[in-house]
1. Going by amide H atoms built from the backbone, whose H comes under 5 Å of the H on VAL209, apart from near neighbours?
2. Suppose we look only past 27 Å in the calculated P(r) of the range 45-198. What percent of the Cα-Cα pairs does that tail hold?
3. Out of the range 322-424, which trypsin sites (Lys or Arg not before Pro) are coil in DSSP terms and have no more than 11 other C-beta atoms within 10 Å?
4. Dividing the alpha-carbon radius of gyration of the range 239-327 by 2.2 N^0.38 Å (N being the number of residues), what value is obtained?
5. Which is the longest stretch in the chain that no exposed loop site breaks, taking sites as chymotrypsin sites (Phe, Trp or Tyr not before Pro) with a DSSP loop state and at most 12 other Cβ atoms within 10 Å?
6. How fast does the chain diffuse by Stokes-Einstein, in µm²/s, taking the Kirkwood radius from C-alpha pairs at 4 °C and 1.567 mPa s?
7. Normalise the Cα radius of gyration of the range 299-375 by 2.2 N^0.38 Å (N = residues in it) and let me know the number.
8. Calculate for the chain the 222 nm mean residue ellipticity that helices alone would give, adding -39,500 (n - 2.57) per DSSP H run of length 4 or more and normalising by residue count, nearest 500 deg cm²/dmol.
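Rule-based calculations on the coordinates, nothing more; no lab input. As the structure is a computational prediction, the values presented were derived from the model and not from experiment. With ideal geometry, Cβ positions are generated from the backbone for all residues, glycine too; neighbour counts draw on all protein chains shown.
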Amino acid sequence: MERPISEAYFQEAKRHIPGGVSSPVRAFKAVGGTPPFLVRGEGAYVWDADGNRYLDYVMSWGPLILGHAHPEVVARVKEVAEKGLTFGAPHPLEVALAKKVKRAYPGVDLVRFVSTGTEATMSAIRLARGYTGRKYVVKFRGNYHGHADGLLVEAGSGALTFGVPSSAGVPEEYAKLTLVLEYNDPEGLRALLRARGEEVAAIIFEPVVGNAGVLLPTEDFLKALHEAKEYGVLLIADEVMTGFRLAFGGATERLGLKPDLVTLGKILGGGLPAAAYGGRREIMEKVAPLGPVYQAGTLSGNPLAMAAGLATLEILEENPGYYRYLEDLGAKLEAGLREVLSQKGVPHAVNRMGSMLTVFFTEGPVVTFQDAKRTDTELFKRFFHGLLDRGVYWPPSNFEAAFLSVAHTEVEVEKTLDAMGEAL
Ligand SMILES: *Cc1c(COP(=O)(O)O)cnc(C)c1O
């Protein structure tokens, strides 16, 4: 598959944009080579500037659960766009989308719209600190919550150690306010809570991790998370990826969680920039203008993004069978993938929930981030390019989730499994 036009664009892009990209993973650093410049999408497929077609498993990193350019979503955006792109004033579509979010998340009384998942988690943490009057935040290794300073903290060296920044430009003093624990280590979490629970404002977590590849929570880990409430710690379920994906009510519905605050994004904006945080009234009433926790945005609640999100959520709500469909299709991909990998004698662990899936090239089980890091990334590179050259656009890093949409069918899954067999 030749990509001369993408090559030329990438060379030019690198002269004007750091790494040629607006978000790092897009540069293919983990797998090498030139990223295709994608210019069109329809259903489960995308086309690059050279006219090559790919079966898409990136799906814009999660928002496109209905597939690319869903006609109804596009029509609703067009209709709103013709009346004005932004007003910086309240808009009826914000109210409609807020009501949808509350239907999906019965524990949410009030919801505030922002533009990105990063803003949602950053604001939720400010709110948790403002509400509790405490300053420490707990996060888990390998969980990603956007790029706000205090959340760009990854690896501590044990359950009770302070976090160290995982990006230059994050002051150590600031990173120290983030305590980092191992995901799926309930005893580590309980030990920290016993030692310092009263100093912790919030625990933020990915209920099902998608940003270390897919990691599924153990029952005892979920139990330990909820025990944190006994210490007055707020539980922030970061459902930016899982919200409206694992079920209409996200991981909260599917796993029966009781978070104090939820953060949403990706599917919420239906392909345009919209995100949100929400929770119980008494907590959310601390947000300005009702309360002392400041948070604002010029384009927050943008009518186009609200329209795309509302259209997407309406379609999902009207078609509850979609979640069953995605579960069955995901199971088919998972089973087929296991079979292909076993036939080829490749050590593997396939982690999946619903329409989110990752294959790790290591003996399973892969439960923690430490387990995930054992994957053979060299083999992944060749697997990735083997797929790309066969017209399958898999996420360009082993530590990302592949996504199915309702536009994917058994035909696409069969094609993918054939391509995987050949690539391996
Ligand atoms: C994508 C993601 C974010 C960040 O959202 P952006 O819109 O990229 O800022 C935060 N948390 C989770 C769990 C995500 O998957």
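1. Residues meeting the criterion, in which the H sits 1.01 Å from N, are LEU215.
2. Working: 5459 of 11781 pairs.
For the range 45-198, the share of Cα pairs beyond 27 Å comes to 46 percent.
3. Values: sites: ARG324, LYS332, ARG338, LYS344, ARG352, LYS373, ARG374, LYS381, ARG382, ARG390, LYS415; in loops: LYS344, LYS373, ARG374, ARG390.
In loop regions of the range 322-424 (DSSP not H, G, I, E or B), there are no sparsely surrounded trypsin sites (Lys or Arg not before Pro).
4. On the way: Rg = 14.3 Å, N = 89, 2.2 N^0.38 = 12.1 Å.
The value comes to 1.18.
5. Values: sites that count: PHE87, TYR294.
Answer - 88-293.
6. On the way: Rh = 22.1 Å.
So the translational diffusion coefficient is about 59 µm²/s.
7. Details: Rg = 17.8 Å, N = 77, 2.2 N^0.38 = 11.5 Å.
Dividing the Cα radius of gyration by 2.2 N^0.38 Å gives 1.55.
8. Mean residue ellipticity at 222 nm (helix-derived): -11000 deg cm²/dmol.
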